[in-house]
Amino acid sequence: MTLATRYAAETALFIDVLQRLARNRFVTSSGGNAAWKVADDVILITPTQLYKGDVTVDDVVFLNPAGETMEGRRRPTGEKPMYLKFFADRPDIVSVIHCHPPCVCAAAVLRDPTFLMRPYFPETSIEVGPVPVVPYAQPLTQRLADNFAPYLPKYNSFIMENHGLVTMSRADIYTTYQLVELLEGSVDSLLRAMAVGALKEIPREGVRELSDVMATRSLPLFGAPGANASLEALYFETVTA
């Protein structure tokens, strides 16, 4: 049995998410990529140099954790080193999306690296968390992958400086896609607010209370298990690298 057959449901959902990214213009041309660890030893990943809205079952690639192609007629995305590092350094993570949502990409070229490190909306604060800026490096390189190292333990979403967004989760690829949508909508609102005035954050006490909401909804704290003491500490006590 082929891997595409064994993981037919996952492959179909993977392709559906790629099409959603394309329809929402979160990816254009051949940009963006995604990966889903469908088993401990099997990673489903996008092919290189192909518009994500055109990807079919015949185009997806299956890798092992060492990055070797197990199945697929195309080459995997050139950002493979980045994904291998994510899954190796964060074994709790199941799926990852790298894309270029317009509003989040606006944040990627702002001079303020702390723009998305503050709590503005309850939903974004408890589902996406703080979003640090990972320093720029040439795409498709090990250096770019290595630049994530100081940030991976504490966060689940990242602005790639002058580039785009990376979002990951401990759930399936569709769940990760929903986080992308949530963050893009939030940044859209923030940019509109900035056009007419100053931004207003949720106060520390309010963030402390949001921990109760996370507990009620069984939402895990961002970052690797045990890396962060609390949501409050993550927003108000963590010093980014």
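Since every read-out is calculated from the coordinates, none of them should be taken as a lab result. On a predicted model such as this, the values are computed, not experimentally measured, just so you know. Positions of Cβ are generated from backbone atoms using ideal geometry, with glycine treated the same way; all protein chains shown enter the neighbour counts.
Looking at the chain, do any whole DSSP H helices span at least 20 angstrom along their long axis by alpha carbon and average -1.0 or above on Kyte-Doolittle, and which?
Both cut-offs are met by 8-23, 173-194.
With a cut-off of 8 Å between alpha carbons and a minimum separation of six or more residues, what is the relative contact order of the stretch 3-236 in percent?
Reported as a whole number, the value is 19 percent.
Pop the C-beta distance of THR69 and THR28 into the FRET formula with R0 = 22 Å and round what comes out to the nearest 0.05.
Efficiency, rounded to the nearest 0.05: 0.25.
Sort the following peptides by mean Cβ neighbour count (other Cβ atoms within 10 Å, averaged over residues), highest first: 192-199, 230-237.
Packing order, densest peptide first, comes out as 230-237, 192-199.
Between VAL109 and GLU123, what length in nm is gained on full extension when 0.36 nm per residue of separation is reduced by their alpha carbon distance? Show your work: numbers first, answer last.
Details: separation 14, 0.36 × 14 = 5.04 nm, distance 2.42 nm.
That pair, VAL109 and GLU123, stretches by 2.6 nm at full extension.
Taking K and R as +1 and D and E as -1, what net charge do the other residues with C-beta under 13 Å from the C-beta of MET214 add up to?
Counting the neighbours of MET214, the net charge comes to -3.
Going by C-beta contacts inside 10 Å, put LYS200, LYS37 in order with the fewest on the left.
LYS200, LYS37
Setting aside same-chain residues fewer than 8 positions from LYS154, which lysines have a Cα under 25 Å from its Cα?
Of all the lysines, those that pass the test against LYS154 - Cα under 25 Å, at least 8 places apart if same chain - are LYS37, LYS80, LYS85, LYS200.
Which whole-angstrom value gives the distance between the alpha carbon centres of the stretch 103-172 and the stretch 1-76?
22
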